[in-house]
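This report concerns only the one structure given below.
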């Protein structure tokens, strides 16, 4: 995309720096908000310490993403650069309150209410952050801005999981860790003083035509449906790794399995930094088939690990696969979308992400009630390999221009 930029925008961007006080404050707040999610790496184990039937664990993990999945599409049209700072502060207050309430929830009913409140607050907070980001990107700097944003959102998954166990030991349990997380989230309020609001005339995209009609017209393209389905499979298989890996490590006698995510996340970041521009030189569809198959093999390895070394090696292996598949899916969706629907389809990929984080724990929790973690991850690997084969067959049956832009 950078190759299409003209000299004029490049010169203009020199007069509009990216790293303003607002943009730096925005990224710190974004980092804090994603740390708030990464900390739930230990949530499945925590639920096991409560007087709650284990059959509800998958639901209690998944219901958070269900709320985000339902709420985000409805609130997105109403949040823009001009009003998002206000809603960021309101939603941050809701998130902080919900984090303090986790330690008081001891039943299925009360924990469900806390998860609903947390999910609703997070949905508004994250939507407000994305709306704010649009207002802080100067002309000709979108690639750099979104690249940095993707790294900021990944870093918590590398840094937080391995430190939760020692912090729990120091603080006195997972509930205390969530209280500390709430205190860190409170830093959003002073940081928000540096967030410069957008001018009114810049707020919000211009809207025309019924939203439902545009959605139906957009989804008539089977390629979009196929890519959204692949995204759903990728996220549905990823979520059980995040939420159930700690208990998997416990069952194998592996201490602090959070290091898996440290290595896998840095592998993801490395791929995106080093190979991001390279993807545009190759047939993205062919690379996608190979990367999805790579993930399938990685999950089969994950289902058979027996040592800390093996777990960490598989972490790097899967991290490389995730680092290719996730941005590649978004890039292909962008490439094949009608220009009218590029923003809509980008948002749909975010909705599918939340759908995967709903289905993954729900289905994974049900599997773990009957079988071992190895069966769960082997099944995920088989799903991904079948997806890669289907994608390859569809690709062979279609003419190249049907998917790849000329």
For the range 36-107: rounded, prolate or oblate by the Cα gyration tensor [a/c cutoff 1.5]: prolate
Arrange the following residues from fewest to most other Cβ atoms within 10 Å of their Cβ: 268, 81, 109. 109, 81, 268
Which three semi-axes in whole Å describe the equivalent ellipsoid of the range 19-203, each the square root of 5 times a Cα gyration tensor eigenvalue, listed largest first? 31, 18, 14
Taking the Cβ of each residue in 37, 230 as the centre, tally the other Cβ atoms inside 10 Å and list the residues starting with the fewest. 37, 230
Order of 284, 86 - criterion: other Cβ atoms within 10 Å of each residue's Cβ, fewest first: 86, 284
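We did not get these values from a lab; they are worked out from the coordinates using the rules stated. Small disclaimer: the values here were computed from a predicted structure and weren't measured. When we count neighbours, we look across all protein chains shown, and the Cβ atoms used for this are built from the backbone with ideal geometry, even at glycine.
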